[in-house]
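The values are calculated or read from the model by the stated rules, or taken from the named source; none is laboratory data. Note that the structure is predicted; figures quoted are calculated from it, not measured. When we count neighbours, we look across all protein chains shown, and the Cβ atoms used for this are built from the backbone with ideal geometry, even at glycine. Areas reflect the complete protein model, heavy atoms only, side chains present, ligands, DNA and RNA absent. Shrake-Rupley method; radii C 1.70, N 1.55, O 1.52, S 1.80 Å.
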Amino acid sequence: MPDPSTDRIATAPSRGIDEPVCRVEDLTVDFETADGLVRALRGVSLEIGRGEILALVGESGSGKTVLSSCLLGLPPASLKTTVGGSVVVAGVDMVNGSDADRRVARRQTIGAVFQDPLTSLDPMMRIGDQVAERGATRARATAALEDCGVPEPGMRLRQWPHQLSGGLRQRVSIAAAITAGSSTPRRGPGVDTAQASAGDGVPALLIADEPTTALDVRVQAQIIALFARLRDEHGCSIVLVTHDLGVAAQIADRIAVMSAGELCEVGSTEQILRDPQHEYTKSLLAARIDINRMPVSITERSRVVAERRDDDALRLEGISKHYPKAGGRRGEIFTAVDDVSLTVPAGGSVALVGESGCGKSTLLRIAAGLTKADSGGVHVAPGSGRPQLVFQDAGSSLTPWFSIGQGIEERLRVQGVSRREAPDRARELLAQVGLDARAAGARPRALSGGQRQRAAIARALASDPRILLCDEPVSALDASHASRVLDLLDELRASLGIALLMVTHDLAVARRISDETAVMYGGRIIERSASEQLFAEPREDYTRQLIAASPSVY
Amino acid sequence: MVRAVAVRLASLVGVLLLLAIAVFLIQRLLPADPVRAVLGRNASPDEIAARRSELGFDDPLPVQLVRFLGDLLSGDLGTSLRTRSPVSADIAAYLPATLELVFVATVIALLGGLIVGVLSARGGWLSGVIRVVTAAGASAPSFLLAILGILLLYRQLGLFPAGGRSSDLLATSTPTGFLLVDRLLAGDPAGWLDALHHVLLPAFVLAVGSTVAIARVLRGSLRSVDSLDFVRSARAKGFTALQVTTRHTLRNSLNPALSMTGLQVGMLLSGAVVVETVFSWPGIGAYLSASIGFSDLPAIVGVVLVLGVAYVVINFVVDMLQLVVDPRLRSA
């Protein structure tokens with residue numbers, strides 16, 4: 001492992017060269033589960049320097065979240081946990097220190113931001129009370145909100161979380177995280193006061209666990225810029241936990257790559273991205289679906305499919321959908337979809353991209369027949385069967401007490417397949433999506449996210465549909481699984497001639513999978529063209545913004 | 001906020017109207033003939049027919065319904081066949097004692113439910129012990145608990161009186177009819193304590209089942225809220241477990257427990273019939289069971305209506321409390 005301190009100096013010579021804010025030494029965490037001891041962290045050692053942003057990158061189960069919760073001194077409490085080694089933050093040992101010492105450190109020295117801004121604020125406490133909860137004054141809370149780019153901060157103090165958008169709520173979470181308790185009057189027994197604060201009551205260490213994963217790309221870019229400002233203006237050290245090397249590339253000074261509870265590689269962002277040493281880092285980079293780099297096969301595919309598009313598998317004509325405005329007066333309506341027409345050629349693939357609330361999922365549900373449009377028509381080519389849906393979260397779309405095989409057999413039986421033939425046919429379908437016969441007997445919980453999504457696709461194929469409608473099918477998956485699921489969808493398109501209509505917020509996914517991409521904004525399709533053209537020469541300013549905000553390692 | 005209250009108020013009126021109509025229909029569908037009950041076994045058919053038309057039983061059903069609703073609005077519940085006095089006067093005499101008992105029981109159930117719920121949600125050995133004890137308490141029928149309570153706490157230990165509202169058997173309660181309120185108004189602390197002493201054991205027996213129900217709902221709610229992100233945020237801010245519970249977890253867990261409390265008040269009102277009998281509590285439960293034995297239809301209908309109204313009103317209060325607790329409900 002390269003010496004972290006020299007790396008930091010090499011990348012950010014202007015920032016602190018004194019004592020690190022946090023020193024992790026030989027940290028080991030074991031969980032006692034029903035299946036025995038599980039080692040979540042295996043002897044992790046790491047230093048976080050003053051005023052640096054360290055990205056902690058890895059796939060799910062790599063231990064990055066366990067490590068970040070140990071930095072807070074709050075190892076997961078749901079299981080019986082044994083922690084060895086030490087984590088020292090500003091002079092307090094967050095593993096072996098007393099409860100009181102660790103609480104004081106959390107109050108004064110550490111701030112934490114979590115993934116989902118919709119759930120990480122208390123819905124029943126006013127914004128101002130949450131930001132000032134650690135004993136800050138009203139003025140200080142207002143200043144923190146302003147600092148985090150919340151418009152009209154004084155008025156926000158009286159508002160409740162549900163009155164704010166997701167992006168604003170995440171800014172409020174960050175404002176609450178950087179409003180530490182005063183360090184002088186209530187000085188804790190073990191806290192090294194000189195180290196506790198980065199200045200202005202901003203905690204010395206900010207731990208952000210996937211802080212932008214639930215946000216739209218443009219908001220994500222703003223939050224990332226906010227982190228950079230906290231580092232540059234307040235000298236705050238930030239640990240950014242993320243599954244996405246692209247996000248790390250945008251902001252981190254250093255990147256630490258984790259896998260299976262171990263630290264594979266730590267180095268400057270430049271070095272990790274350009275000259276990765278560890279095999280795992282290389283595989284992460286290779287698997288990443290990046291908007292600026294497509295596998296060679298993609299360009300070929302577009303040509304193959306172009307020859308087929310003589311008839312349409314699915315035609316949406318003049319679709320509109322209105323809802324009563326949430327929290328609005330009687331009669332006020334919200335137009336979710338506004339006179340949208342769209343065709344999906346047989347065997348073709350169309351991606352609908354846009355930010356949350358743009359109407360893309362409503363349109364997909366209308367195409368699937370799950371929601372009724374207020375006006376317009378859905379035309380499915382004769383003999384195509386009912387379009388089948390694949391959802392984002394395969395975990396909750398599969399019945400938990402059915403085995404995978406049973407779930408598929410149930411669908412087959414509805415199609416009129418006999419009880420005797422159904423199990424064999426189910427196994428064929430599973431083979432088609434790359435799952436073996438063992439998966440047929442497993443329950444959804446026993447499978448990985450990628451396997452579950454494959455099973456969901458196999459179930460969708462049970463009725464032999466000509467059209468698959470996919471709602472963010474890979475958003476919940478790690479990069480390696482995501483690209484393989486996309487490959488699978490592509491294969492199904494080639495071998496079975498199935499047309500795809502896919503909703504995604506991720507432009508890289510759209511570029512990777514679709515012949516055509518349609519950009520939705522405010523319920524309308526504002527731009528639509530062949531994917532290669534759209535990404536190379538976006539016509540609309542909005543499309544350009546989306547593309548520019550998409551994280552990339554290139 | 002105004003709209004949220006208005007919506008609930010409108011539904012309150014609707015539910016009360018439906019309740020009145022349902023009671024009216026049940027009354028007409030029952031095989032018991034109220035005229036025959038008034039006139040006795042030996043009345044001649046002519047007499048019965050004359051009385052029927054006099055009482056309006058020959059009118060079309062909708063006409064009878066409108067008259068019934070009109071009488072209700074003017075507070076006229078008819079005349080009791082058993083006591084020969086207006087049902088409204090009888091209820092006014094007996095209801096305060098029952099409401100007092102149910103009110104004390106509700107307070108016990110709510111406080112007990114909160115304490116037991118919070119303690120059992122924390123895990124550890126205490127939580128296990130509490131769950132076993134409360135499960136046993138909840139599965140015992142209330143009359144059994146009442147008898148056990150009297151045997152143990154009155155006969156063996158002499159800690160509580162065996163029955164009645166007060167040591168002074170002839171004590172009347174004016175002006176409100178609520179002994180605890182009246183004696184406070186009269187500036188009689190010793191009498192107030194005596195009344196409290198009398199109400200505690202029956203109220204406790206009545207409240208046991210509801211306490212457990214509320215505690216279980218609260219426990220489940222606390223545990224699911226406890227795994228939410230904002231609780232983790234609160235811990236990350238460096239608060240103690242107790243601070244996190246009181247500042248965040250509890251308020252977020254309160255609404256399911258409040259819903260359960262509203263439902264349980266209905267159980268308490270009907271459970272009062274049994275408990276009042278065992279503790280010779282001069283409430284509406286005793287009045288109701290006597291009326292049932294006598295097929296005193298006007299009295300039964302009156303009591304059912306009044307209990308129904310109490311139940312609906314209490315659940316309206318619960319709705320309002322939930323609006324106070326959860327700001328998100330106010331915009332709906």
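List of remarks:
- Of all the listed residues (A:184, A:142), the sole one being β-branched (Val, Ile, Thr), modelled with pLDDT of 90 or more and open to solvent by 30 Å² or more (accessible area, probe 1.4 Å) is A:142.
- Residue count for the stretch A:394-435, restricted to those that are in a helix (DSSP H, G or I), of a type in the set (A, V, I, L, M, F, W, C) and in the same structural domain as residue A:454 (by TED's automatic domain parsing): 9
- Pairing residues of the stretch B:226-247 that are facing chain A (nearest Cβ under 7 Å) and β-branched (Val, Ile, Thr) with residues that are assigned to a loop (DSSP other than H, G, I, E, B) and open to solvent by less than 70 Å² (accessible area, probe 1.4 Å), at Cβ distances under 7 Å and at least 6 apart in sequence or on separate chains, gives no pairs at all.
- Selection within the stretch A:250-268 - of a type outside the set (A, V, I, L, M, F, W, C), at pLDDT below 95 and within 21 Å of the chain's Cα centre (by Cα): A:250, A:259, A:261
- Verdict on residue B:272 being surrounded by fewer than 20 Cβ atoms within 10 Å (Cβ to Cβ), at pLDDT below 90 and not basic (Lys, Arg): no
- Meets criteria (in contact with a Pro (Cβ under 7 Å, 6 or more places away or on another chain) and open to solvent by less than 40 Å² (accessible area, probe 1.4 Å)) for residue B:210: no
- Among the candidates A:437, A:446, A:394, residue that is at pLDDT below 90 and surrounded by 20 or more Cβ atoms within 10 Å (Cβ to Cβ): A:394
- Cβ separations smaller than 7 Å between residues 6+ apart or across chains give the following pairs from the stretch A:273-285 residues that are in contact (Cβ under 8 Å) with a residue 60 or more places away in the chain to residues that are open to solvent by 20 Å² or more (accessible area, probe 1.4 Å) and among the hydrophobic types (A, V, I, L, M, F, W, C): A:273/A:249; A:284/A:479.
- Scanning the stretch B:1-38 for residues that are over 30 Å from residue B:83 (Cα atoms), out of contact with any Lys or Arg (no Cβ under 8 Å at 6 or more places or on another chain) and not polar (S, T, N, Q) returns B:2, B:3, B:5, B:6, B:7, B:8, B:9, B:10, B:12, B:13, B:14, B:15.
- The residue that is nearest to the other protein chains (Cβ to nearest Cβ), counting only those in the stretch A:84-125 that are touching a helix residue (DSSP H, G or I) at 6+ places or on another chain (Cβ under 7 Å) and open to solvent by 40 Å² or more (accessible area, probe 1.4 Å), is A:119.
- Among the candidates B:181, B:199, residue that is in a helix (DSSP H, G or I), more than 14 Å from chain A (Cβ to nearest Cβ) and in contact with an Asp or Glu (Cβ under 7 Å, 6 or more places away or on another chain): B:199
- Any hit, the stretch A:194-203, residues being within 23 Å of the chain's Cα centre (by Cα) and either assigned to a helix (DSSP H, G or I) or at pLDDT 90 or above (or both): no
- Scan of the stretch A:455-479 for residues that are in a helix (DSSP H, G or I) and either within 20 Å of residue A:444 (Cβ to Cβ) or of a type in the set (Val, Ile, Thr) (or both), ordered by number: A:455, A:456, A:457, A:458, A:459, A:460, A:461
- All positions within the stretch A:475-493 that are under 20 Å from the mean Cα position of the chain (by Cα), open to solvent by less than 30 Å² (accessible area, probe 1.4 Å) and free of Cβ contacts under 8 Å to residues at least 60 places away in the same chain: A:477, A:485
- Inside the stretch A:359-391, residues that are open to solvent by 80 Å² or more (accessible area, probe 1.4 Å) and at pLDDT 90 or above make up a count of 4.
- Residue A:546 vs. criteria in contact with a strand residue (DSSP E or B) (Cβ under 6 Å, 6 or more places away or on another chain) and either modelled with pLDDT under 90 or open to solvent by less than 20 Å² (accessible area, probe 1.4 Å) (or both): no
- The condition of being touching a residue at least 24 places away in the same chain (Cβ under 8 Å) and at positive phi holds for only one of B:177, B:149, that being B:177.
- Taken together, B:277, B:240, B:261, B:246 contain a single residue that is of a type in the set (S, T, N, Q) and surrounded by 21 or more Cβ atoms within 10 Å (Cβ to Cβ), which is B:261.
- Taking the listed residues A:134, A:169, the one that is among the basic types (Lys, Arg) and not in a helix (DSSP H, G or I) is A:134, with no other qualifying.
- Exactly one residue among A:149, A:128, A:166 is small (Gly, Ala, Ser), buried (at least 19 other Cβ atoms within 10 Å of the Cβ) and closer than 24 Å to residue A:214 by Cβ, and that residue is A:128.
- Some residue of the stretch A:268-279 being open to solvent by less than 10 Å² (accessible area, probe 1.4 Å), out of contact with any strand residue (DSSP E or B) (no Cβ under 6 Å at 6 or more places or on another chain) and under 23 Å from residue A:507 (Cα atoms): no
- Selection status of residue B:184, surrounded by fewer than 18 Cβ atoms within 10 Å (Cβ to Cβ), in the same structural domain as residue B:218 (by the TED database), modelled with pLDDT of 85 or more and closer than 19 Å to residue B:103 by Cα: no
- Number of the exception - residue A:213 against (1) out of contact with any strand residue (DSSP E or B) (no Cβ under 6 Å at 6 or more places or on another chain); (2) part of a loop (DSSP other than H, G, I, E, B); (3) surrounded by 21 or more Cβ atoms within 10 Å (Cβ to Cβ): (3)
- Only one of B:201, B:179, B:148 that is open to solvent by 30 Å² or more (accessible area, probe 1.4 Å) and either assigned by the TED database to the domain that holds residue B:106 or modelled with pLDDT of 85 or more (or both): B:148
- Residue in the stretch A:29-41 that is open to solvent by less than 50 Å² (accessible area, probe 1.4 Å), of a type in the set (D, E, K, R) and within 11 Å of chain B (Cβ to nearest Cβ) present: no
- Top-ranked residue in the stretch A:381-393 [being assigned to a loop (DSSP other than H, G, I, E, B) and touching a Ser or Thr at 6+ places or on another chain (Cβ under 8 Å); ranked as nearest to residue A:449 (Cα to Cα)]: A:392
- With respect to (1) loosely packed, with under 12 Cβ neighbours inside 10 Å; (2) at pLDDT below 85; (3) over 23 Å from the mean Cα position of the chain (by Cα), the lone exception for residue B:139 is condition (3).
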